[in-house]
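**Student:** Have a look at this one before I ask anything.
The values are calculated or read from the model by the stated rules, or taken from the named source; none is laboratory data. Please read all numbers here as calculations on a predicted model, not as lab measurements. Using ideal geometry, Cβ is built from the backbone for each residue, glycine included, and neighbour counts are taken over all protein chains shown.
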Amino acid sequence: MVQVEAMACGTPVVNTNIDSAVPEVSVHGITGLTVPPKNAEELASAINLLLNNEELRKRCGAAGRVRAAKEYTADLMAERIEAVYADLGVPAQPRSTVPERPRFPCPSSWQG
């Protein structure tokens with residue numbers, strides 16, 4: 001979830017290539033950088049690359065905002081969860097109607 005929050009704020013992500021959905025959320029070289037797990041040197045190198053390369057940082061941040069807005073909306077996530085339950089044979093339940101929450105901009109200090 002923290003990756004999606006960072007991407008929604010336009011902050012490039014540095015993550016590790018662990019056996020989970022982590023490397024699928026932020027795409028290496030597009031929305032951030034993915035490094036091998038348990039490798040402090042690679043982690044530091046990725047962080048420093050983003051700190052020292054404004055163009056890469058802005059490009060990854062902008063791509064992250066687009067990806068978060070496109071792939072991780074509340075409705076889309078609900079549909080994906082419902083699909084998992086459907087695959088398990090759990091009958092669909094009616095969704096409650098939740099009013100749209102106001103969107104607050106991320107603090108400018110959080111943006112790439």
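**Student:** Which residues, taken from region 60-92, are more than 21 Å from V14 (Cβ to Cβ) and hydroxyl-bearing (S, T, Y)?
**Tutor:** Those that are more than 21 Å from V14 (Cβ to Cβ) and hydroxyl-bearing (S, T, Y): T73, Y85.
**Student:** Now for a separate question. For region 1-67, please list each of the helices (runs of 4 or more DSSP H) lying entirely inside it that holds at least 2 residues being in contact with a Lys or Arg (Cβ under 8 Å, 6 or more places away or on another chain).
**Tutor:** Details: elements: 2-8, 22-25, 40-52.
Answer list for region 1-67: 2-8, 40-52.
**Student:** Can you give me the number of residues within region 18-30 that are at pLDDT 90 or above and in contact with a strand residue (DSSP E or B) (Cβ under 6 Å, 6 or more places away or on another chain)?
**Tutor:** Count: 2.
**Student:** Is it the case, given these coordinates, that A78 is surrounded by fewer than 11 Cβ atoms within 10 Å (Cβ to Cβ), of a type outside the set (F, W, Y), modelled with pLDDT under 90 and not in a strand (DSSP E or B)? I'd like the intermediate steps shown before the answer.
**Tutor:** Details: surrounded by fewer than 11 Cβ atoms within 10 Å (Cβ to Cβ): no; of a type outside the set (F, W, Y): yes; modelled with pLDDT under 90: yes; not in a strand (DSSP E or B): yes.
So A78 fails the test.
**Student:** Do you know which residues across region 29-53 are of a type outside the set (D, E, K, R), surrounded by 16 or more Cβ atoms within 10 Å (Cβ to Cβ) and over 15 Å from V66 (Cα atoms)?
**Tutor:** L33, T34, V35, L43, A46, L50, listed by residue number.
**Student:** Can you name the residue in region 8-28 that is of a type in the set (A, V, I, L, M, F, W, C) and within 16 Å of Y72 (Cα to Cα) and, of all such residues, is surrounded by the fewest Cβ atoms within 10 Å (Cβ to Cβ)?
**Tutor:** Residues of region 8-28 of a type in the set (A, V, I, L, M, F, W, C): 8-9, 13-14, 18, 21-22, 25, 27.
Within this subset, residues satisfying the condition of being within 16 Å of Y72 (Cα to Cα) are 8-9, 13, 21-22, 25, 27.
Details: A8: 17, C9: 19, V13: 25, A21: 8, V22: 15, V25: 22, V27: 16.
Going through the qualifying residues, I end up with A21.
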